[in-house]
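To keep things clear, I will list the structure first and then write my remarks on it.
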Amino acid sequence: MPSEAEAVHGLSNIFLSDKPRFAERAEELLEFIEDSPLVAHNAGFDFGFLNHELQSCARPPVSMHRMVDTLTIARSRHPGAKHSLDALCMRFGIDRSHRVKHGALLDAQLLAQVYVELTGGRQIGLGLVADAARVAVSQESHPATVREVRPPRPHFAAAEELARHRAFIAKLVNPLWARFAGPG
């Protein structure tokens with residue numbers, strides 16, 4: 001292990017000496033990820049390493065169409081700002097105090113939180129009253145009143161509406177979601 005790399009992630013030759021090699025676990029990894037989109041920060045860099053290792057053990061590469069790059073999303077949402085994982089954690093108020101070295105599991109946990117923020121954010125305090133039969137509603141100058149909660153009404157699209165929707169979707173050229181979906 002080069003000393004520069006060890007300084008970044010803290011994994012020494014001694015620590016790694018009894019760990020399996022990539023080729024020994026590649027099939028498990030491929031079964032785990034199946035055909036899911038893969039979220040990574042600076043994903044092209046990670047995909048390069050992943051596909052190099054897959055190629056070296058005679059496995060097909062992971063399609064770049066599956067790549068969801070949070071760095072690209074961050075640059076699009078916040079041009080001119082800092083886009084490192086640490087900077088994004090600071091921007092979104094994500095606690096990274098326990099991050100001393102670059103570690104895959106911890107970084108993945110932090111990135112999951114960053115990804116949620118980049119794609120719409122947490123909706124803290126948004127709660128729906130599911131079990132309550134009554135809801136108290138108050139206005140500034142009036143005392144609280146109690147209203148009966150009505151059961152939800154079912155809403156279904158008619159077959160003709162679904163057919164029109166499918167026809168509309170089929171006409172779209174280069175839809176946004178196609179960037180994140182695999183081929184086919």
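The values are calculated or read from the model by the stated rules, or taken from the named source; none is laboratory data. None of the values given here were measured: they were computed from a predicted structure. Here the Cβ is made from the backbone with ideal geometry for all residues, glycine too, and neighbour counts use every protein chain on show. Surface accessibility is based on the protein's heavy atoms, side chains included, excluding ligands, DNA and RNA. Shrake-Rupley method; radii C 1.70, N 1.55, O 1.52, S 1.80 Å.
Taken together, Phe32, Phe15, Phe22, Phe47 contain a single residue that is surrounded by 11 or more Cβ atoms within 10 Å (Cβ to Cβ), more than 15 Å from the chain's Cα centre (by Cα), among the aromatic types (Phe, Trp, Tyr) and closer than 23 Å to Ala181 by Cα, which is Phe47. Could you tell me whether Arg75 is farther than 20 Å from Leu11 by Cβ and either touching a Phe, Trp or Tyr at 6+ places or on another chain (Cβ under 9 Å) or open to solvent by 30 Å² or more (accessible area, probe 1.4 Å) (or both)? The answer is yes for Arg75.
On the basis of being surrounded by 16 or more Cβ atoms within 10 Å (Cβ to Cβ), among the hydrophobic types (A, V, I, L, M, F, W, C) and either free of Cβ contacts under 8 Å to residues at least 60 places away in the same chain or farther than 25 Å from Leu176 by Cβ (or both), does Leu118 make the cut?
Details: surrounded by 16 or more Cβ atoms within 10 Å (Cβ to Cβ): yes; among the hydrophobic types (A, V, I, L, M, F, W, C): yes; either free of Cβ contacts under 8 Å to residues at least 60 places away in the same chain or farther than 25 Å from Leu176 by Cβ (or both): yes.
So Leu118 passes the test.
Do we have Ala104 as modelled with pLDDT of 80 or more and open to solvent by 70 Å² or more (accessible area, probe 1.4 Å) here? The answer is yes for Ala104.
Screening Arg59 against (1) farther than 22 Å from Glu34 by Cα; (2) open to solvent by 30 Å² or more (accessible area, probe 1.4 Å); (3) not acidic (Asp, Glu) leaves a single unmet condition, (1).
Ser97: modelled with pLDDT under 90 and either among the acidic types (Asp, Glu) or open to solvent by 40 Å² or more (accessible area, probe 1.4 Å) (or both), yes or no?
It is true that Ser97 is modelled with pLDDT under 90 and either among the acidic types (Asp, Glu) or open to solvent by 40 Å² or more (accessible area, probe 1.4 Å) (or both).
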